[in-house]
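Notes follow once the structure below has been shown.
Derivation of every value follows stated rules applied to the coordinates shown; laboratory data play no part. From a predicted model like this one, the values you see are computed outputs, not experimental measurements. Glycine gets a Cβ as well: all are built from the backbone with ideal geometry, and neighbour counts include every protein chain shown.
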Amino acid sequence: MEEKDQTITRTQNYVVARFRDGRMIKGITYDFGPQKKLFHITSTGEDGKRVFKIPLSELKAVFFVKSLEGRKGPLSLNGLLKEEADTVGSIKVKITFYDGETLIGTTQGYTPEREGFFVVPSGRDSNNLRIFIISNAVKQIETWR
């Protein structure tokens, strides 16, 4: 009888956790879930590898990114509001956080009663793949199709 490999494959996600108080932690997560109250980020910096326990209640958003180095310079806002949604059923949203930051993208499932929701950011040159927005950190959401 042939022995099967029982290893579990974990998906790593590069993330940037943005806290409501302005702090930011960059690293890799293996256990993020929109229904969870907390998750972990493994950060590798000058001090070596560290694991942080991240409670969703302290965040404004979790950015799932292509790279941890980020993008140099701001995105161009010209035309973002006029971009077509790539996916049928997507709703365009303009999110304004309590700290004044504004984000534009599309979502499949915004419900204010949920703890959070995913947004795919507008702008083809963005480093962000998707963003999990924490509903309590949002001051205003404008939607249109």
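So here's what we get for this one:
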quantity	calculated
Listed pairs K92/K139; K37/K94; K26/K60; K60/K139 exceeding 21 Å between Cα atoms	K37/K94
Theoretical FRET efficiency, 1/(1+(r/R0)^6), r = Cβ-Cβ of H40 and Y98, R0 25 Å, to 0.05	0.45
In order through region 24-34: 3J(HN,Hα) via Karplus (6.51 cos²θ - 1.76 cosθ + 1.60), integer Hz, x for Gly, Pro	8, 10, 10, x, 10, 10, 10, 10, 5, x, x
Calculated FRET value between R114 and K66, using beta carbons and R₀ = 22 Å, to 0.05	0.25
Amide hydrogen neighbours beyond the local backbone of S122, cut-off 5 Å, H modeled	I104, G105, T106
S57-L129 FRET efficiency (beta carbon distance; Förster radius 25 Å; 0.05 resolution)	0.60
